[in-house]
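*Asks:* The structure's right below; bear with me while I get my questions together.
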Amino acid sequence: MELGETSYLLKMNLGLVNGLRKDDALEFRGIRYAEPPTGSLRFLPPVSADAWSGVLDATQYPNRCSQPPMAYLGETLGAPSEDCLFLNIVTPATEGKGRPVLFWIHGGAFINGSANDYDGSMLAAQGDVVVVTINYRLGLLGFLDLSTLGAEFAGSASNGIRDQILALKWVRDHIADFGGDPENVTIFGESAGGHSVMSLLASREADGLFHKAIAHSPGTTDRPPPDLIPSLETHLGVDRDKLVAVLRDASAEQLLAIQGAVPSVGVGIDGNVVTRSTNEAIIEKGVGGVPLIAGTNKDEGKFFTALYALADPDYLPPQEPIARIVTGGADPTSYIGRLKALHPTASSAEIFERIWDGLFRRAAIGGVVSSTVAGVGGWLYQFDLPSTEKFLGHDVGAGHAVEIPFTFNRFNSADPGFAVFYRASDPDVRKLSQHWSDTVIQFAKTGDPNGAGLPHWPRYDEQSRATMVLDRNSRIESDLNRVERLLWDEHKP
């Protein structure tokens, strides 16, 4: 244990668990919610973990799910492993009335990331809420569509989403032991985590397991998952009928090498777990659905050009694959051409960045419009505060992921941790961190983001298009990015 930490023994319905008392919160790390998805369980739905005998040690961070190393992340918590379906819990106390639960889904393009990277202790203490962070299978292990190779693989393209659903079921059944209210759960996540939020909204199996949703920089769930089988057959040099055996016999390290040689995984409508588009699901549920906050950062794409430059300063990926997501699968040639015409002096890198901006904004706007039409309410934000610290030597402005430390209020903690884009000593940074995190907590408690320090935030609809701009002086603006929005609409399939 570190300085200031003491042990805390909790008796829960699954058995005894030993966690940590640290500052104003109790932490329980590495609680298994599913059996190891290894051996014969590889590529199959997760299986609930059993109760345990003795005392479970929940004082150490668990494994991360198998993933390629990311040099820019520096030292990470938890060893990469296929045995990784764990969750971490932070709570102010295990006694008293049930507290709202905030259920965080990490980002990382569905190939990287971990529950261990996020510290919910500030949120738990300031809001009297319980914060849960989870791992879920990544890459080929979590999102490879093998449904054409056997009935047992139906829905395998969404196994990572199935993991998230099983973790939500675990929360429903056991979070009361940690002082949480299973009838008041808010799912929230960023990037792949935001995309996961949108996918959970579109999954009937997840209905009733959460009651509010927040999607940071989400993707759009509106197309089938990619078919990687032909690429895998070619790369491995095996026939289709032998492919499953080869993939199951491969080590986790070999699978990562295979993953790096085929097109990227992606989340989509698999027909089994995710059964329709997010917007269709929201409208279908009507007032029986959940309220939604969604939004993006002003300069999303700048993060990605900085990231690609890390590997090769002269390389920029093709624009077409990302643009095709913005156009909903339609041929993106005309869209890219019109975008270039709107910004005639923009470099190829700047056009690439704008396409990334469109990818996230189209998803966020579609979700909140549908939620307001459905009657449960949708609120749109845009994070505009430019970063003050460079990322990999680049000025990324209000780039992708810079808002996360504000969500967890790390700038008002003794240890900001991963808050690397801003100076924690800046009073405006600390103020926005407090107001935004308080707003997240307020929404989790009431289903309405108003009354926590930001200006009054109207629901987003197609008439006013009111957007909360998060900045040194936060404000409401109408129909931000109108020109780009009309361009996306023009190129819908």
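*Asks:* Using every alpha carbon pair in segment 453-493, what percent of pairs falls into each 5 Å bin from 0 up to the bin containing the largest distance?
*Replies:* 6, 22, 24, 20, 13, 9, 5, 1, 0
*Asks:* Right, something else. Quick check on my link table: of 169/285; 169/302; 390/492; 97/298, which ones sit more than 29 Å apart, alpha carbon to alpha carbon? Numbers along the way, then the final one.
*Replies:* Numbers: 169/285 20 Å; 169/302 37 Å; 390/492 36 Å; 97/298 39 Å.
Long pairs (Cα-Cα over 29 Å): 169/302; 390/492; 97/298.
*Asks:* Could I ask something else about it? Taking R0 as 35 Å, what FRET efficiency do you get between residue 16 and residue 183 from their Cβ-Cβ distance, rounded to the nearest 0.05?
*Replies:* FRET efficiency, residue 16 to residue 183: 0.85.
*Asks:* For the chain, what value does the Rg/Rh ratio take when both radii are computed over Cα atoms and Rh is the Kirkwood radius, given to two decimals?
*Replies:* Details: Rg = 21.6 Å, Rh = 22.9 Å.
Using Cα coordinates only, the ratio equals 0.94.
*Asks:* Add +1 for every Lys or Arg and -1 for every Asp or Glu among the other residues with Cβ under 11 Å from the Cβ of residue 145, and state the total. Spell out each step's value before the answer.
*Replies:* Details: positive: none; negative: 227, 270.
Result for the neighbourhood of residue 145: -2.
*Asks:* Counting other Cβ atoms within 10 Å, which chymotrypsin sites (Phe, Trp or Tyr not before Pro) in segment 23-105 have at most 10 and lie in a DSSP loop? Could you put the intermediate results ahead of the total?
*Replies:* Working: sites: 28, 33, 43, 52, 72, 86, 103, 104; in loops: 33, 43, 52.
Hits after loop and neighbour filter: nothing returned.
*Asks:* Still on this structure, please answer the following. Hey, can you rank 371-380, 162-171, 92-101, 128-137 by average C-beta count inside 10 Å, highest first?
*Replies:* Values: 371-380: 22.0, 162-171: 23.6, 92-101: 16.8, 128-137: 27.1.
Going from most to least packed, we get 128-137, 162-171, 371-380, 92-101.
*Asks:* While we're here: Per DSSP H run of at least 4 residues, take -39500 (n - 2.57); add these up for the chain, divide by its residues and hand me the 222 nm value, nearest 500 deg cm²/dmol. Don't skip to the end; give the middle numbers.
*Replies:* Values: 15 runs with 161 residues, N = 493.
After summing the helix terms and dividing by the residues of the chain, the value is -10000 deg cm²/dmol.
*Asks:* Grab the other residues whose beta carbon is less than 14 angstrom from that of residue 238, score K and R as +1, D and E as -1, and report the net.
*Replies:* Details: positive: 240, 242, 248; negative: 233, 239, 241, 249.
Residues close to residue 238 contribute a combined charge of -1.
*Asks:* Counting pairs of alpha carbon atoms under 8 Å apart in space and at least six apart in sequence, what relative contact order in percent does the chain give? Numbers along the way, then the final one.
*Replies:* Working: 1099 pairs, mean separation 60.4, N = 493.
Relative CO of the chain lands at 12 percent.
*Asks:* Nothing charged except the Cβ atoms of Lys and Arg (+1) and of Asp and Glu (-1): what's the magnitude of the dipole of the chain about its Cα centre? Round to the nearest 20 debye. Mind showing how you got there, number by number?
*Replies:* Details: 42 positive and 61 negative charges, 141 e Å.
My answer is approximately 680 debye.
*Asks:* Can I ask one more? By what distance, in whole Å, do the Cα atoms of segment 161-271 stretch along each of the three principal axes, largest value first?
*Replies:* 52, 29, 23
*Asks:* Using the Cα atoms of segment 313-438 to build a convex hull, what is its mean projected area in square nanometres? Write down the numbers at each step before the final one.
*Replies:* Values: hull surface 40.7 nm².
So the mean shadow area of the Cα hull is 10.2 nm².
*Asks:* Quick check on segment 97-236: what are the equivalent-ellipsoid semi-axes from the Cα gyration tensor, as sqrt(5λ), descending, whole Å? Don't jump to the answer; show the numbers that get you there.
*Replies:* On the way: eigenvalues 181, 47, 31 Å².
Working through the eigenvalues yields semi-axes of 30, 15, 13 Å.
*Asks:* A follow-up question, please. Give me the percent of Cα-Cα pairs in segment 1-153 that sit more than 26 Å apart, rounded to a whole number.
*Replies:* Working: 3600 of 11628 pairs.
Of the Cα pairs, 31 percent sit more than 26 Å apart.
*Asks:* Using the Cα centre of the chain as origin and beta-carbon charges of +1 (Lys, Arg) and -1 (Asp, Glu), tell me which of 291, 182, 318 is placed farthest towards the positive end of the dipole.
*Replies:* Of the listed residues, the answer is 291.
*Asks:* Right, something else. Tally Lys and Arg at +1 and Asp and Glu at -1 over the other residues with C-beta under 11 Å from the C-beta of residue 155: what net charge comes out? Present the calculation step by step, with values, prior to reporting the outcome.
*Replies:* Values: positive: 162; negative: 145, 152, 205, 270.
So the environment of residue 155 carries a net charge of -3.
*Asks:* Mind ranking 275-288, 340-353 by how tightly packed they are, going by the mean number of other C-beta atoms within 10 angstrom, highest first? Display every interim value, and only then the final one.
*Replies:* Values: 275-288: 17.8, 340-353: 13.6.
With the highest mean Cβ count within 10 Å placed first, the list reads 275-288, 340-353.
All of the numbers you see were taken from the coordinates with simple rules; none came from a lab. Just so it is clear, the model here is predicted, and its values are computed rather than measured. Methodologically, a virtual Cβ is constructed for each residue, glycine included, from the backbone with ideal geometry; neighbour enumeration extends over all protein chains shown.
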